[in-house]
Amino acid sequence: MRSRGGALMYRAIAAELTKIRTLPAALATISAALVLPPALSFAMGLNVAASRSPAATGDDTGGFEVAGFGQPLVILLAALIVGCEYQNGLLRSSQLAVPNRLRLLGAKAIVVAALAFLLAVVAVGFGVAVRQVSTGGAGIAELELTPAMTLNLLMVGLNWTCISLISAALTVLARSILLPVIVLIPLVLGLGVALVGLLPWLKFAPDLAGLQLISRYPGMGLLEPLPGGVVMVAWVVLLLAPAFVLFGRRDA
C-alpha cells in the first residue's frame with residue numbers, strides 16, 4: 001500500500017512539473033529568479049572593485065545581499081504554480097486526475113518547496129561566485145565556498161522555501177493569485193523594514209521573521225537567524241494546515 005501511495009505521489013509531482021513546463025509565466029519567473037540575483041551581484045562587485053573597498057576580498061557575505069531580490073520572484077512562482085488552475089478553470093480536471101485532494105495539494109507544495117530551494121542555491125550561489133570574480137578577488141580557478149558561505153546559502157534556501165510555501169498557502173486560502181502578490185511582495189520589497197521601527201511586533205511577521213537568514217540587519221531589533229527561522233517555519237505550518245483542510249473540502 002505504501003509503495004502504491006508513493007508511486008501515486010510521484011505521478012502527481014511529475015504532473016505538476018509538466019504543468020509548469022506549459023505555463024509561460026512560471027517559466028519566465030524561474031528564468032528571472034536565476035538571472036536577476038547573479039546579475040545584480042556582478043554589478044555590485046564591479047562597483048566595489050571600482051571603489052577599491054576592502055570588502056572586495058575575503059568577505060563571506062559578499063553576494064548574499066542580492067538574495068532579497070529573489071523573494072518576490074519565488075512568491076510569484078508559488079502563487080502561479082498553486083493558483084493558475086483557479087484562474088484557467090482546470091482545477092476540476094486536476095482533481096479528477098488525482099482524486100485524493102491532499103495528495104494533489106501535497107504534490108504542488110513539494111514542487112513549490114523544491115523549486116524555491118534549488119533556485120536559491122543556484123541563483124545566489126552563482127551570485128556569490130560572480131561577486132568574487134567581479135571584485136577581482138578571485139579568478140575562475142580560485143573560486144571558493146567557505147563553510148560560512150555554505151551555511152549562509154542554506155539559510156537563504158530555507159528563507160526562500162518558507163516564503164514560497166507561505167505564498168502557496170495564501171493562494172489556496174484565497175483561491176486567488178492576487179492575495180500573496182498584493183500582501184507579500186510589498187512586504188519583502190521593504191514595506192516591513194520601513195514599518196518595523198514604528199511597529200516592533202512586525203518582527204514576527206512572515207517576511208521579517210526570517211529576514212536575517214538572507215542578510216544581516218544590525219540595530220533594527222529583528223529576530224536572530226535561528227529564532228527567525230523557527231518563526232518562519234511556524235508560519236508555514238500555521239497557514240498550510242488550514243489550506244489543506246479547505247482544499248480537501250471545497251468544491252472546485
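When segment 195-242 is filtered for residues that are of a type in the set (Asp, Glu) and closer than 24 Å to Val112 by Cβ, only Asp207 remains. Within segment 181-204, if we keep just the residues that are in a loop (DSSP other than H, G, I, E, B) and surrounded by fewer than 17 Cβ atoms within 10 Å (Cβ to Cβ), the residue that is modelled with the lowest pLDDT turns out to be Gly197.
Could you check, for segment 220-236, whether at least one of its residues is in contact with a Phe, Trp or Tyr (Cβ under 7 Å, 6 or more places away or on another chain), under 25 Å from Leu153 (Cα atoms) and part of a loop (DSSP other than H, G, I, E, B)? Full working, then the answer.
Keep residues of segment 220-236 that are in contact with a Phe, Trp or Tyr (Cβ under 7 Å, 6 or more places away or on another chain), which gives 231.
Right, trim to under 25 Å from Leu153 (Cα atoms) and you get 231.
Now drop any that are not part of a loop (DSSP other than H, G, I, E, B), which leaves none.
Among the residues of segment 220-236, not one is in contact with a Phe, Trp or Tyr (Cβ under 7 Å, 6 or more places away or on another chain), under 25 Å from Leu153 (Cα atoms) and part of a loop (DSSP other than H, G, I, E, B), which makes the answer no.
Among helices (runs of 4 or more DSSP H) entirely within segment 77-148, having at least 1 residues that are under 24 Å from Ala39 (Cβ atoms) and at pLDDT 85 or above singles out 101-119, 125-134.
Quick one: would you say Leu223 is closer than 26 Å to Lys108 by Cβ and either modelled with pLDDT of 90 or more or not acidic (Asp, Glu) (or both)? No.
Is segment 47-59 home to any residue that is among the β-branched types (Val, Ile, Thr), modelled with pLDDT under 80 and more than 30 Å from Pro186 (Cα to Cα)? It would help to see each step written out before you state the result.
Going residue by residue through segment 47-59, those that are among the β-branched types (Val, Ile, Thr) are 48, 57.
Adding the requirement that they be modelled with pLDDT under 80 leaves 48, 57.
Filter once more, keeping what is more than 30 Å from Pro186 (Cα to Cα): 57.
Scanning segment 47-59, I find at least one residue that is among the β-branched types (Val, Ile, Thr), modelled with pLDDT under 80 and more than 30 Å from Pro186 (Cα to Cα), so the answer is yes.
The single residue among Phe69, Phe42 that is aromatic (Phe, Trp, Tyr) and modelled with pLDDT of 90 or more turns out to be Phe69. Pairing residues of segment 176-193 that are closer than 20 Å to Leu213 by Cβ and without any contact (Cβ under 8 Å) to a residue 60 or more places away in the chain with residues that are acidic (Asp, Glu) and surrounded by 15 or more Cβ atoms within 10 Å (Cβ to Cβ), at Cβ distances under 6 Å and at least 6 apart in sequence or on separate chains, gives Leu187/Asp207; Gly192/Asp207.
The values are calculated or read from the model by the stated rules, or taken from the named source; none is laboratory data. This one's a predicted model, so the numbers in the text were calculated from it and none came from an experiment. Here the Cβ is made from the backbone with ideal geometry for all residues, glycine too, and neighbour counts use every protein chain on show.
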